[in-house]
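Structure first, commentary second.
Quick note: the coordinates plus some simple rules give every number you see, no bench work behind them. Please read these numbers as outputs of a predicted model, since none were measured by experiment. So basically every Cβ, Gly included, is an ideal-geometry build from the backbone, and we count neighbours across all protein chains shown.
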Amino acid sequence: MVSRKSIASVLDDYEDLVVATVCSHSSLQIFHGARQEGFRTLGIAIGERPRFYDAFPLAKPDEFLLVDSYADILDRADDPFGNREVLRWETDREKQREWLTSAGVSMPAKIERPQDIDRPVFVKYYGAKGGRGAFIAKNYEDFKESIRPGMKYTIQEYVVGTRYYIHYFYSPLATNGYALSKGALEMLGVDRRDEANIDEMYKLGAQEALRKIDMRPTFVVTGNMPVVLRESLLPKAFEMGERAVERSIALFGGMIGPFCLETIVTDRLEFKVFEISTRIVAGTNLFIAGSPYSDLTEPGMSTGRRIAREIRTAQKQGRLSEVLS
Ligand code: AMP
């Protein structure tokens with residue numbers, strides 16, 4: 001077994017670091033940001049070299065690594081950015097709830113048994129990505145009609161409000177800014193997701209009537225829109241981010257780098273966090289040239305570039321093992 005200390009010394013000997021990522025999701029931003037910070041870049045693609053990068057020369061990786069499947073990538077991923085311990089806490093919805101609620105972050109109420117549904121609820125399946133398969137139920141009858149047998153689910157109260165996906169960056173290395181017990185917290189942008197078909201469904205009338213013609217709402221993300229928060233909500237936004245990070249430090253040594261709190265703000269101006277994504281989210285792709293928030297820290301700073309900057313800072317300070325794991 002290789003000790004953490006020896007990994008640290010190997011890492012700090014690296015001079016020529018390459019930033020590598022999968023050719024999807026937020027890769028244009030990551031390659032562009034890495035290049036801005038002077039790194040060479042490697043695009044990992046399945047099957048054949050993707051052509052679309054030819055259309056975006058400033059975000060085209062220097063080289064490609066072609067693999068047969070995502071499993072191959074996992075085998076070879078040596079030093080991912082961030083703390084891999086976070087995955088255990090993010091992927092399990094129960095652990096996510098334990099983390100956030102014990103941090104004092106307010107989440108939509110959990111309904112333990114479908115028989116107890118006494119208000120509109122949102123039912124989510126474990127492991128479902130991008131809202132696929134989730135459904136709204138107003139009572140137990142609705143639930144029974146829509147639930148798919150054999151799948152693990154969780155039931156939350158349906159929160160009526162407006163959705164904001166807040167993009168944070170936690171740097172354990174930073175020495176100035178919004179200081180935490182160690183390092184500092186930044187807010188690099190906010191987006192809202194476009195979701196098909198729920199976002200357009202209202203045009204066809206009431207849900208009950210739609211169900212009769214077998215049309216059911218789905219929440220599949222198809223794009224993102226930039227938003228800014230009402231300024232008086234910013235203190236609360238920072239407080240929530242701070243709580244999530246501080247608790248992560250206590251629970252598993254800290255979530256490092258980009259993360260997103262997926263929130264709904266009610267008409268009482270209260271945030272409810274329905275999910276945490278502990279990595280770069282696709283909504284940050286809106287802000288490749290900076291955001292109304294990053295304009296006030298460093299103009300032109302995207303989340304992709306911020307990751308590269310963190311790696312560069314760690315490298316210069318001989319602290320790579322603190323940001324790669
Ligand atoms: P998720 O699977 O948690 O990412 O949720 C997918 C989408 O469902 C979100 O983007 C929201 O539009 C919606 N959503 C999730 N949880 C709730 C909730 N508790 N109340 C209302 N809408 C929700």
Could you tell me which residue out of Asn176, Tyr158, Pro80 lies farthest along the dipole of the stretch 65-207 toward its positive end? Charges go on the beta carbon: Lys and Arg +1, Asp and Glu -1, centred on the Cα centre. Tyr158
What do you get for the angle between helix 93-102 and the principal long axis of the chain? Use alpha-carbon atoms, 0 to 90 degrees, nearest ten. 80 degrees
Listing Thr284, Thr278 by rising number of other beta-carbon atoms within 10 angstrom, fewest first, gives Thr278, Thr284
Once R0 is set to 41 Å, what does the formula 1/(1 + (r/R0)^6) return for the Cβ-Cβ distance between Arg49 and Met151, expressed as a FRET efficiency to the nearest 0.05? 0.65
Between the Cα axis of helix 234-252 and the main Cα principal axis of the chain, the angle (0 to 90°, nearest 10) is 70 degrees
Proxy exposure order for Ser24, Ser181, Ser294 (fewest C-beta within 10 Å first) is Ser181, Ser24, Ser294
Helix-derived mean residue ellipticity, 222 nm - over the chain, DSSP H n ≥ 4, -39500 (n - 2.57), to 500: -8000 deg cm²/dmol
Put +1 on the Cβ of each Lys and Arg and -1 on the Cβ of each Asp and Glu in the chain; which of Leu234, Ala308, Ile30 then has its Cα farthest toward the positive end of the dipole? Leu234
Among the lysines, which have Cα under 19 Å from the Cα of Lys236 when same-chain residues fewer than 8 positions away are ignored? Lys272
Relative contact order, percent, the chain [alpha-carbon distance under 8 Å, six or more residues apart]: 23 percent
Positive dipole terminus of the chain, leading residue within Leu269, Ile249, Ala71 (C-beta point charges): Leu269
The helix 4-13 Cα axis meets the longest alpha-carbon principal axis of the chain at an angle in degrees, between 0 and 90 and rounded to 10, of 60 degrees
Work out from phi, with θ = phi - 60° and the Karplus expression 6.51 cos²θ - 1.76 cosθ + 1.60, the ³J(HN,Hα) of each residue of the stretch 19-31, listed in order in whole Hz, and give x for Gly and Pro. 8, 10, 8, 6, 6, 6, 6, 9, 5, 4, 5, 5, 5
Label point distance in nm, Leu58-Arg119, each placed 7 Å from Cα along Cα→Cβ: 4.7 nm
Sequence neighbours fewer than 8 away in the same chain don't count; with that in mind, list the lysines whose C-alpha is under 17 Å from Lys203. Lys212
Between the alpha carbon centres of the stretch 184-233 and the stretch 103-162 the gap in Å comes to 16 Å
By Cβ neighbour count within 10 Å, fewest first, Tyr70, Tyr53 rank Tyr70, Tyr53
